[in-house]
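Here's the structure, in structure tokens; my notes come after.
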Amino acid sequence: MKKILVINGPNLNLLGLREPELYGARNFAALQAYIIDCAATLGVQVELFQSNHEGVIVDKIQAAYGVFDGILINPAAYTHTSVAILDALKAVAIPTAEVHLTDIATREDFRKFSFVSLYAQKTICGKGFDGYKEGLEFLAAL
Ligand code: DQA
């Protein structure tokens, strides 16, 4: 069974509370339950990880080497700033799908560029929770 690491970056733990007009009314627990449900349907094993700290995310990506077959990541704000997360993904070279709840291409200019997209084999934007399902499907099919 494929093992997929799902990483959610900063402030995604505040889903529901956080700008619901953008990110929706469902909370983070609902997102986690949704991901677990999708994984069960697809027949893949998932580990869920969330951190508000860049270095902790880098440590988790490094520790994924030799353990996980795929990484599904919503780097949140670090998408647009983190060379360290990009470098960690390149270092472990684990197939990676990048997901964003919103469509970062149609928001503020500073959200248009993604460092993680320079490595990720697939990027899914603007599909809300369903984007996580699409990312898992992509990684499961590799
Ligand atoms: C986000 C988009 C980012 O620009 C933002 O900083 C987030 C969430 C999304 O899922 O749409 O925290 O990654």
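The values are calculated or read from the model by the stated rules, or taken from the named source; none is laboratory data. Keep in mind that what you see is a predicted model, and the values were worked out from it rather than measured. Cβ: placed from backbone, ideal geometry, glycine included. Neighbour counts: every protein chain shown.
Within the set of pairs 6+ apart or on separate chains, which have a first residue in the stretch 130-141 that is surrounded by 18 or more Cβ atoms within 10 Å (Cβ to Cβ), a second that is at pLDDT below 95, and C-beta atoms under 9 Å apart?
Between residues of the stretch 130-141 that are surrounded by 18 or more Cβ atoms within 10 Å (Cβ to Cβ) and residues that are at pLDDT below 95, there is no close pair.
Among (1) touching a strand residue (DSSP E or B) at 6+ places or on another chain (Cβ under 6 Å); (2) within 16 Å of the ligand (Cβ to nearest atom), which single condition is residue 30 missing?
(1)
Taking residue 97 as the residue in question, decide whether it is among the small types (Gly, Ala, Ser) and surrounded by fewer than 17 Cβ atoms within 10 Å (Cβ to Cβ).
It is false that residue 97 is among the small types (Gly, Ala, Ser) and surrounded by fewer than 17 Cβ atoms within 10 Å (Cβ to Cβ).
Check off (1) over 23 Å from residue 44 (Cβ atoms); (2) of a type outside the set (A, V, I, L, M, F, W, C); (3) outside any helix (DSSP H, G or I) for residue 78 and give me the number that stays unchecked.
(3)
For residue 49, all conditions in the list (1) aromatic (Phe, Trp, Tyr); (2) closer than 17 Å to residue 10 by Cβ; (3) part of a helix (DSSP H, G or I) hold save one; what is the number of the exception?
(3)
Testing residue 99 on (1) more than 11 Å from the ligand (Cβ to nearest atom); (2) part of a strand (DSSP E or B), one condition comes back false. Which one is that?
Result: residue 99 fails condition (1) only.
When the residues of the stretch 1-14 are filtered to those that are buried (at least 20 other Cβ atoms within 10 Å of the Cβ) and near the ligand (Cβ under 9 Å from one of its atoms), which remaining residue is farthest from residue 141 (Cα to Cα)?
Per the stated criteria, the residue is 12.
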